[in-house]
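A.B. asks: Let me give you the structure first, and then I'll get to my questions.
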Amino acid sequence: MTIKAIFLHGTVVIDAYLVASLGEAALAAVGLAAAIAGFVLGAIHAFSAAMQIRTAQAFGARDPVFLKSALAAGLTISLVVGLIGLGLVSAFGMPLIAMMAPSPEVAALARDYLAVFALVIVGEAIGQCISSYLNGCGETRLPLYSLCLSLPVNVACSIVLIHGYLGLPAYGVAGAAWGSVIAVLVQVCFLSHRLTRVAGQLRKVAGWRQPNFTRTLKQHLGFSLPIATTFLSAAVSTQVCALIYAQLSLNEFAALTLIGPWINMTGTVGMQWAIATGIIVAQLLGRREPEAVLDRFLASAWRGAFLAAGGVAALLLAVCLSANALYADLVAETRSLVLGFLPILLVLPFPKGSNAICGNTLRASGDTIYVMHVFLWPQWLFRVPATALAVLWFDAGAVWVLSIQLWEEALKFPAFHRRVLRGGWKRRAIPD
């Protein structure tokens, strides 16, 4: 799961790296367009995360009707969310770019990128849902294999289409988006084929978790909505902050655009460990394992989370120290800003990883409303307003703006850890 998530975030890093050779304006355009598309992709990933936990509960209970219901309901919701999001991007994406872009050149490039990248949304709606089902069933290698196929396709197609090799036109930033579209098509085809082999027998299973599919869909939505709201809020608040970053100077915005994907990509080491912890906790609860088993497992998972946080800090250290070599085409000021982020990046993985363990453990037990509140309020009452004040009012530098992420994790820390240590999550019944 970790390697798969790194590859997934690596797609954004690859796009940014390949486009960086076109200059700061192209890089800022990709960051702006990706921020807008990220609203919809965040919604898709949010509901997929909820489906992953629901599938793990069904897999732990060894209930084929439950598994069939989770797959059918989850796929229906994911497609509806993706199509609604595609419509919203088509209606409001271009005006938003015109409003937020720091220059007409950046706006034009961002429009070119987003017009193509919107096609990725449909593929992600299907691919993320299938991946979540497979992860919940313990088949975590198959989503990884899908990215092992699609990532080289993305790199090769993006290079050719950005620069116009092999006799093809040079599409610039739009070429990077076309590379992502072709790659996601390859990924979805592979996952769909594998799903028929893993879950094909569910077509012979009669009945639904509830008396009919409509009620099953409503029940799945009711369970998923708090989890999806949590993930969607995180994605939306992140993208809102990214749009606010566009009001910084071009070099500061470019530096934050560069480091953001690296934070996400390296952070998956700890985040996927926490998500895997939640999946296994859900399976253990579905099997009604004794509390002693849950305690032993969670203690070992927590130790692993701190080791993962140390690995993330080391990876970010390497990225910052290698900025001059990785991004030699950018101006010295942009590269020096990336190096200035280092003190924050060395500390951030530890509270973030521990909070993630708590959140996923509570979510696996069905304590989704509490987790939703702990995530939502620090985001919308602290992180977004603090970012807006720092950028728009106090004209703070990029380093201070990035430090707001660390303070947000510190605010969530006591609320999460008190809830987990009290132990009520071990005695909660899996909801119908």
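Any read-out appearing in this document is the output of simple, stated calculations on the displayed coordinates, not a laboratory observation. Everything numeric here is computed off the predicted structure, so don't read it as measured data. Note: ideal-geometry Cβ built from the backbone for every residue, glycine included; neighbour counts use all protein chains shown.
A.B. asks: Please specify each residue of segment 165-220 satisfying the condition of being of a type in the set (S, T, N, Q), over 16 Å from SER69 (Cβ atoms) and crowded, with 18+ Cβ neighbours inside 10 Å.
C.D. replies: Listed by number, the residues that qualify are SER180, GLN187.
A.B. asks: Going by the conditions given, is GLY31 within 17 Å of GLY172 (Cβ to Cβ) and either free of Cβ contacts under 8 Å to residues at least 24 places away in the same chain or not aliphatic (A, V, I, L, M) (or both)?
C.D. replies: yes
A quick yes/no check of all residues on (1) buried (at least 19 other Cβ atoms within 10 Å of the Cβ); (2) under 30 Å from VAL281 (Cα atoms); (3) touching a Cys at 6+ places or on another chain (Cβ under 7 Å):
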position	(1), (2), (3)
VAL120	yes, no, no
GLU124	yes, yes, no
ILE130	yes, yes, no
TYR145	no, yes, no
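A.B. asks: In addition: Going through segment 260-314 one residue at a time, which ones are surrounded by fewer than 18 Cβ atoms within 10 Å (Cβ to Cβ), touching a residue at least 40 places away in the same chain (Cβ under 8 Å) and under 30 Å from ALA28 (Cα atoms)?
C.D. replies: GLY311
A.B. asks: Sort through LEU298, LEU307, LEU362, LEU285 and tell me the only one that's in contact with a Phe, Trp or Tyr (Cβ under 7 Å, 6 or more places away or on another chain), in a helix (DSSP H, G or I) and more than 30 Å from TYR245 (Cα to Cα).
C.D. replies: Result: LEU362 is the single residue among LEU298, LEU307, LEU362, LEU285 that is in contact with a Phe, Trp or Tyr (Cβ under 7 Å, 6 or more places away or on another chain), in a helix (DSSP H, G or I) and more than 30 Å from TYR245 (Cα to Cα).
A.B. asks: Within segment 45-80, take every residue that is of a type in the set (Gly, Ala, Ser) and surrounded by fewer than 21 Cβ atoms within 10 Å (Cβ to Cβ) and give me the one that is farthest from VAL188 (Cα to Cα).
C.D. replies: Here is the first cut: in segment 45-80, the residues of a type in the set (Gly, Ala, Ser) are 46, 48-50, 56, 58, 60-61, 69-70, 72-74, 78.
Imposing the further condition that a residue be surrounded by fewer than 21 Cβ atoms within 10 Å (Cβ to Cβ) reduces the set to 61, 72.
Working: ALA61: 28, ALA72: 17 Å.
Going through the qualifying residues, I end up with ALA61.
A.B. asks: Continuing with the same structure: Sort out which residues of segment 270-290 are hydrophobic (A, V, I, L, M, F, W, C) and either within 18 Å of GLN405 (Cα to Cα) or touching a strand residue (DSSP E or B) at 6+ places or on another chain (Cβ under 6 Å) (or both), and write them in order of number.
C.D. replies: MET271
A.B. asks: Please pick out the residue among VAL106, VAL122 that is farther than 30 Å from ALA332 by Cα and β-branched (Val, Ile, Thr).
C.D. replies: Checking each option against the conditions leaves just VAL122.
A.B. asks: Checking the structure you have, find out if any residue of segment 161-179 is free of Cβ contacts under 8 Å to residues at least 40 places away in the same chain and within 26 Å of GLY200 (Cβ to Cβ).
C.D. replies: No, segment 161-179 contains no residue that is free of Cβ contacts under 8 Å to residues at least 40 places away in the same chain and within 26 Å of GLY200 (Cβ to Cβ).
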